[in-house]
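The values are calculated or read from the model by the stated rules, or taken from the named source; none is laboratory data. Keep in mind that this is a model prediction, so the values were computed, not measured. Quick reminder, even Gly has a Cβ in these numbers, built from the backbone with ideal geometry, and neighbours come from all protein chains shown. SASA here: full protein model, heavy atoms, side chains in, ligands and nucleic acids out. Shrake-Rupley method; radii C 1.70, N 1.55, O 1.52, S 1.80 Å.
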Amino acid sequence: MKIIGVDPSTIRVGWAVLVAESGDIWRVGSGVFALKGGSREARLFDLMNRLREVVQDYEPVQAAIEEGYVGGAFGKINFKANLALAEARGVAKAVLWPQVSGILGLAPSSIKKMVTGKGNAQKQTVGRAVSCLLKITQPADDNETDALAIAYAAAISLERPLDLSFTRDP
């Protein structure tokens, strides 16, 4: 199964395409878009076009996007930044939706826990874990690393879904 992971933003967007098959997971492509345009609308348009190209080139069947982090430094919420992130996520979902069978939204702490075993892992730890798990050189860009981690966590979730059914012993 081919899975695309997207780390959305209105400035730099990480993307990664992994294949998960018979318990093995490997990278087939990844990178970063430095979005062009002065206005946020122009950058979102650039995101739409560039993500559409990746989807056409790699033909993923499943997608995963990092859910927005609502907190801020020192307990202050940055509403403007959260709105921009929500817009980027919306554009990414609109591009992906007609092309994939589903879009998985993953919280940052869930991604970190699935990749490193700790939900509060630092970026450097996530980068080392991703490079080790996928047997690749650690990407220089955090956005690409995040996209690889998102796609890897999705692959794990989809390959081994949690059994949330409950049975009662007689």
For the stretch 49-74, which positions are on the phi > 0 side of the Ramachandran plot and either open to solvent by less than 70 Å² (accessible area, probe 1.4 Å) or modelled with pLDDT of 95 or more (or both)?
Glu59
Suppose we keep only residues that are β-branched (Val, Ile, Thr) and in a helix (DSSP H, G or I) within the stretch 129-162. Which one would you say is surrounded by the most Cβ atoms within 10 Å (Cβ to Cβ)?
Ile150
Any residue at all in the stretch 84-106 that is touching an Asp or Glu at 6+ places or on another chain (Cβ under 9 Å) and among the small types (Gly, Ala, Ser)?
yes
If you check Lys80, Lys112, Lys123, Lys93, which single one turns out to be buried (at least 20 other Cβ atoms within 10 Å of the Cβ) and of a type in the set (D, E, K, R)?
Lys112
Residue pairs meeting the criteria (Cβ under 8 Å; at least 6 apart or on separate chains; first free of Cβ contacts under 8 Å to residues at least 40 places away in the same chain, in the stretch 34-51; second aromatic (Phe, Trp, Tyr) and open to solvent by 50 Å² or more (accessible area, probe 1.4 Å)):
Gly37/Phe45
